[in-house]
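Take a look at the structure below.
The values are calculated or read from the model by the stated rules, or taken from the named source; none is laboratory data. Since we're looking at a predicted model, the values are computed, not measured. When we count neighbours, we look across all protein chains shown, and the Cβ atoms used for this are built from the backbone with ideal geometry, even at glycine.
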Amino acid sequence: MYRNPITSITVAEALRKMERYCAYQERCHKDVEDKLRTMKLIPEAKEKIILHLLDQNFLNEERFAKAFARGKFNIKKWGKQRIVRELKFRNISPYNIKTALKEISEKEYFETFHKLAEKKYHSITEQDKNKKRKKLVDYLLYRGWETTLVYEKVNELIL
């Protein structure tokens, strides 16, 4: 069936779609605004929808930040720097970023870092110590782990 690209969506339809979109997984304001932009709604309708989502607790920036930090740390093994960078990219407030980082316990943070570094160290087949060191450092820094942690661990692993 051919659908005319000019036909617009009603505010009620857009509202239902956005409720489902936010209920499916935590979203930040930027995600919602980007999605609304694709629906080509007038600014007043977008604002009305965002206010409704906030009012009905479909959209909650603090909850998003906490879920994002927990998920990226537990699943992707990201360090705090990468998590902060990604949250800033999504225009999350410094307060919410700080709150989100509290979701990660210090003990668990360091345990995960050490396990990740050792696992990667053993998986690098490079024989040249300097190249092996560089690969390990690049990997850990890209994942957002703190520079001091990375260099201490690399020096401990590669003598």
note = In segment 55-79, anything surrounded by fewer than 19 Cβ atoms within 10 Å (Cβ to Cβ) and within 19 Å of L149 (Cβ to Cβ) is listed as N74, K76, K77
ask   = What do you reckon, is F89 surrounded by fewer than 19 Cβ atoms within 10 Å (Cβ to Cβ), aromatic (F, W, Y), modelled with pLDDT of 95 or more and under 30 Å from V154 (Cα atoms)?
value = yes
request  = For K46, indicate whether it is in a helix (DSSP H, G or I), farther than 30 Å from Y142 by Cβ and among the charged types (D, E, K, R).
outcome  = yes
From the options E62, E126, residue that is among the acidic types (D, E) and assigned to a helix (DSSP H, G or I) = E62
ask   = What are the residues in segment 30-43 that are assigned to a helix (DSSP H, G or I) and not acidic (D, E), if any?
value = K30, V32, K35, L36, R37, T38, P43
ask   = Can you name the residue in segment 113-133 that is loosely packed, with under 14 Cβ neighbours inside 10 Å and among the basic types (K, R) and, of all such residues, is nearest to N74 (Cα to Cα)?
value = K115
key: Conditions (1) of a type in the set (A, V, I, L, M, F, W, C); (2) surrounded by fewer than 14 Cβ atoms within 10 Å (Cβ to Cβ); (3) farther than 22 Å from L141 by Cα; (4) within 11 Å of the chain's Cα centre (by Cα): number failed by L51   = (4)
query = On the given criteria, is F110 at negative phi, at pLDDT 95 or above and surrounded by 20 or more Cβ atoms within 10 Å (Cβ to Cβ)?
reply = no
